[in-house]
1. Against the condition at pLDDT 95 or above and over 12 Å from the mean Cα position of the chain (by Cα), how does Lys156 come out, does it pass?
2. Just give me the residues in the range 146-158 being crowded, with 21+ Cβ neighbours inside 10 Å and of a type outside the set (A, V, I, L, M), in sequence order.
3. Which residues, taken from the range 134-159, are touching a residue at least 40 places away in the same chain (Cβ under 8 Å) and of a type in the set (A, V, I, L, M)?
4. Filter the range 168-211 down to residues that are among the polar types (S, T, N, Q) and surrounded by fewer than 16 Cβ atoms within 10 Å (Cβ to Cβ), then give me how many there are.
5. Across the range 63-93, which residue is modelled with the highest pLDDT among those that are part of a strand (DSSP E or B) and surrounded by fewer than 15 Cβ atoms within 10 Å (Cβ to Cβ)?
6. Keeping to the range 98-133, report how many residues are aromatic (Phe, Trp, Tyr), in contact (Cβ under 8 Å) with a residue 60 or more places away in the chain and out of contact with any Lys or Arg (no Cβ under 9 Å at 6 or more places or on another chain).
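The values are calculated or read from the model by the stated rules, or taken from the named source; none is laboratory data. In this text, all values refer to a predicted model and were calculated from it rather than measured experimentally. Cβ placement follows ideal geometry from the backbone for every residue including glycine, while neighbour counts extend to all protein chains displayed.
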Amino acid sequence: MPPLLVRHPVLIFIIPTMLLTLLGLPPTATLATRFYSFDLMREYPHDPEAFTEGLLYGGNDTLFESTGLFGRSSVRKVDLQTGKCGSFSHKMRDGWGLATDGKVVFGSDGTSTLYQIDPESHQVMRMVPVKYQDNDVRYLNELEYINGEVWANVFKTDCIAIISPDSGIVVGWVFLHELRHHSLNSGNMAHDVLNGIAWDEDNRRLFVTGKLWPTLYEIKLRHIEGPPDGSIEKLCPRIIIPGSGNFPKQAGWSVTR
């Protein structure tokens, strides 16, 4: 006779949910939520007038960066060591924070939705709601694909959400509050929000920066103990929407269901 779980496959889903309930955790919570701080490895010059929208490591100490603000938008090639900006030929008229696993393009529009887009047809294949502890996580901004997960800057916070692209569940958080303090203590008072994640997969280097930040940072993540209940509202305020639902989608993003 087949094992019980084979004969009744629905139990595979019911039993974990029951265990989470007994432990006092919401059904979409994970027992292995990771929390990270960081160690600062290196600092690199960054254009202090770059209102960073997206950041990508292109190999050979080269970054590709998209910037915003009316009349100042650009897509540029940046030398990591010097921060000097070059140019390259492209046909883009507008820039968005996008990431890819080589098969699917992931996109965000400032809501709690992670879009999965066909890179050839540009059609949206899936719209995955991003949740943490059964609540929507809003203001998803710049994205990076790292080790099978989508990392997202959360607008107007110093937090990065680590998202399972299949389920939309936030499986980890990176807290970069001390990086902002370090920048401010260095006399950089004019910078805006944290935004910009780039991953050098070959050399395992992680880079972060922000809008109008004069410095790009190479950091190494360090595991920390998170809040006992997993609550992050005090560390990352305004990003959790109780229950379901989004605020209205921003204009300009074309969605084909």
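1. Working: at pLDDT 95 or above: no; over 12 Å from the mean Cα position of the chain (by Cα): yes.
No.
2. First pass over the range 146-158, keeping only residues crowded, with 21+ Cβ neighbours inside 10 Å: 150-154, 157.
Scanning the range 146-158 gives Trp151, Asn153, Thr157.
3. Scanning the range 134-159 gives Val137, Leu143, Ile146, Val150, Ala152, Val154.
4. 3
5. Step one: filter the range 63-93 for residues part of a strand (DSSP E or B), giving 63-67, 74-79, 85-86.
After this cut, where a residue has to be surrounded by fewer than 15 Cβ atoms within 10 Å (Cβ to Cβ) as well, the list is 77, 86.
Details: Lys77: 80, Gly86: 74.
Checking each candidate, the answer is Lys77.
6. Counting residues in the range 98-133 that are aromatic (Phe, Trp, Tyr), in contact (Cβ under 8 Å) with a residue 60 or more places away in the chain and out of contact with any Lys or Arg (no Cβ under 9 Å at 6 or more places or on another chain) gives 1.
So that you can scan it fast, the table gives a plain yes or no per residue for (1) under 13 Å from the mean Cα position of the chain (by Cα); (2) part of a loop (DSSP other than H, G, I, E, B); (3) at pLDDT below 90:
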| residue | (1), (2), (3) |
| --- | --- |
| Gly95 | no, yes, yes |
| Ala99 | yes, no, yes |
| Phe106 | yes, no, no |
| Gly110 | yes, yes, yes |
| Glu120 | no, yes, yes |
| Val128 | no, no, no |
| Glu144 | yes, no, no |
| Val150 | yes, no, no |
